[in-house]
Amino acid sequence: MTWEPSGERRVSRRWVLRATGLAAGAAGLAALGCSGGSQQPPAGSPTDAGTGPTRTPAPQTPSPTPRSGKHGETLRYTGYVQRDAFADPHRTQAGPFYGQQALVFSRLLTYADQAQGTIVADLAEKLPEMPDGQTLVFRLKPGARWQDLPPLNGREVTAEDVKHSIERQLSGDTTFVRAPHWSAIDTMEVSDARTITFKLKAPQATMQHRFADVNSFIVAPELSEGSGDIGLQRQVGSGPFQWVEWSDEKFASVRRNPAWFGGDQRPYLDGMSLIQPATTVEVEAGLRTKDIDVAFVNRALADRLKRSLPELVEHTVGHSLFFGVRYSLVNAPYNDLRFRSALTIALDRRGMIDQFFGGAGGVNPWISWPVSRWTLPESELTSIPGYRPGAGGRAEDLREAKALLDAFLAEKKLPEDGLPLLVLDTAETAIGMGRVIAEQLALGLGIDVKVFPVDLATLSSMLLSAEAPFAAGPDTGWIDLDDWVYPYFHSSGTKNSFPLVDKDLDALIDAQRAEFDAATRQQTGYEIQRKLLAINAGVNLVSERVVTLSWPYVKGFPLDTADGYQDRLADCWIDRTDPAFRGRR
């Protein structure tokens, strides 16, 4: 092991922003707002104020006269309707908002399956031509047009629009937080209205992912004329749906784009309404009355509703959003590997799954278990300290953790007034995350942990000043291996807030970036995770298995490991011939 602290460095706000829950999309409603695992009822639990079912207010989406076959109707489903200070698709970091934007804006490429990493063409006619590892040639779909709304009025999407979309990020201010994603590009050449060629500074295996990534939207220059910002009233794209309205923490809606380039007369739906219920009582009432067609729910609510409404269809998917811990390697006692490892091994991950998610979840190496393409296999994980299964495995973990702690205490001391643990207040309210960690460490190691739930502003300030050396909360997951490792653990990573320098780890992270053979890159990803599990600077503990309940007349509702690809709702439709459709308004 050649790692060493690299000196104090500013902590990225991205982890904090993600931890607010704003980065969670529809599935985040189950993970944060409606989880049944906390002994303290989260907001939206059946014990909330309110005496009975209430009708969920309906957004003002127009509902055209139904057509035959697959076409027609407005789908109504639950999720967060929350955003940050930005409406600009290249600036916002709020998952629910850019998830809604994915219905409206297109990318050159998109994901058909995030867990498996299956990339397909979107605005591009096909996957790019790659004559070598440093060149990507994209040709746009013929007939791709901007939505017939001002200021674009249905004009053709051009290669110049693609070039503009990347240039505005690279030349913009620091609010364009994804500019580093495009830093590998050396030149962009538009040869005709439908063709653009990218030359890279060096071969990079992750570039197709960059063009398919969640926020890689193509925008027109007319949208940001004047202020340079794309505001809430200029959400005009080339995607399958047109923006209608957004009401913070209430509802949002879109309508069908009749001129979408996607083919097969899609999208099938006339529109969609995203609803954020105030309580699970509203979720239950909405499903019963069919004012809600699809709902993300916790395990307990799903079981209760299935007993009373057995015709509801249940689907589950592992979600890459995770709950984890971060240590600061420049603050004692966390600068000692033995102490960090003792804490990490003593944490009972399977107990957390029971308490946080009612048993519906899984344990993680660094990459969350639902990201099956990259996550370390469970067969290997179960042999690693902290992950051993069963009562015997748990006892062995505690013995090893105590031995590490004893070795540390033979040379050093812990603060007499306990260890402060900073926990994002939303995670503490929803699932009692800090309380669970404190109880586990007290029981397993006899360590006194003081839990301090803090709001975003306070936690941000303390992280930036290295005053939060022991912090816990949720974080969103990612799709590509590089996004999981380079920003956080490479010595040059912009989000390496631990901070960490490890020459061997840097070499592995650099190697996966340049490796075009998928199997070799996967093995390199495994080796990176093995090293991260030995260093224990940032710990990904558990991820939830999210549950959806829907009426059987809903067909093709997409589920995957992460949010932001709502464009796939273009394939969803409502079957009016299904017997369950009767009584739907």
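Answer yes if at least one residue in the range 493-511 is within 30 Å of Gly263 (Cβ to Cβ), in contact (Cβ under 8 Å) with a residue 40 or more places away in the chain and touching a Lys or Arg at 6+ places or on another chain (Cβ under 6 Å), and no otherwise. No: the range 493-511 contains no residue that is within 30 Å of Gly263 (Cβ to Cβ), in contact (Cβ under 8 Å) with a residue 40 or more places away in the chain and touching a Lys or Arg at 6+ places or on another chain (Cβ under 6 Å). For the range 138-163, the tally of residues that are in contact with a Pro (Cβ under 6 Å, 6 or more places away or on another chain) and open to solvent by 40 Å² or more (accessible area, probe 1.4 Å) stands at 0. Of all residues in the range 240-272, which are surrounded by 19 or more Cβ atoms within 10 Å (Cβ to Cβ) and either on the phi > 0 side of the Ramachandran plot or assigned to a strand (DSSP E or B) (or both)? The answer is Phe241, Gln242, Trp243, Trp246, Phe251, Ala252, Ser253, Val254, Arg255, Arg256, Gly271, Met272.
Scanning the range 551-585 for residues that are under 23 Å from Asp264 (Cα atoms) and in contact with a Lys or Arg (Cβ under 6 Å, 6 or more places away or on another chain), we see that the one that is modelled with the lowest pLDDT is Pro558. Applying the criterion of being over 16 Å from Thr206 (Cα atoms) and surrounded by 14 or more Cβ atoms within 10 Å (Cβ to Cβ) to the residues of the range 122-137, the residue that is farthest from the chain's Cα centre (by Cα) is Glu125. Filtered by the rule that a residue be open to solvent by 40 Å² or more (accessible area, probe 1.4 Å), touching an Asp or Glu at 6+ places or on another chain (Cβ under 9 Å) and in contact (Cβ under 8 Å) with a residue 24 or more places away in the chain, the range 399-413 gives a lone residue, Lys412. Looking only at the range 498-524, residues that are over 22 Å from Val539 (Cβ atoms) and open to solvent by less than 20 Å² (accessible area, probe 1.4 Å) come to 1 in all. Within the range 156-196, being β-branched (Val, Ile, Thr), free of Cβ contacts under 8 Å to residues at least 24 places away in the same chain and farther than 21 Å from Val236 by Cβ holds for Thr174, Ile185, Thr187. Residues that are in a loop (DSSP other than H, G, I, E, B), under 27 Å from the mean Cα position of the chain (by Cα) and charged (D, E, K, R) within the range 552-585 comprise Asp560, Asp563, listed in sequence order. Checked against (1) open to solvent by 50 Å² or more (accessible area, probe 1.4 Å); (2) at pLDDT 95 or above; (3) part of a loop (DSSP other than H, G, I, E, B), Asp291 passes all but a single condition, namely (1).
Among the residues of the range 538-546, are any at pLDDT 95 or above and touching an Asp or Glu at 6+ places or on another chain (Cβ under 6 Å)? Among the residues of the range 538-546, not one is at pLDDT 95 or above and touching an Asp or Glu at 6+ places or on another chain (Cβ under 6 Å), which makes the answer no. Candidates Gly393, Gly434: the one that is over 23 Å from the mean Cα position of the chain (by Cα) and either open to solvent by less than 10 Å² (accessible area, probe 1.4 Å) or free of Cβ contacts under 8 Å to residues at least 60 places away in the same chain (or both) is Gly393.
The values are calculated or read from the model by the stated rules, or taken from the named source; none is laboratory data. Because the structure is predicted, anything quoted here is derived from the model rather than measured. Cβ coordinates were reconstructed from backbone atoms using ideal geometry, including for glycine residues, and neighbour counts include every protein chain displayed. To get the accessible areas, we keep the full protein, side chains included, count just its heavy atoms, and leave off ligands, DNA and RNA. Shrake-Rupley method; radii C 1.70, N 1.55, O 1.52, S 1.80 Å.
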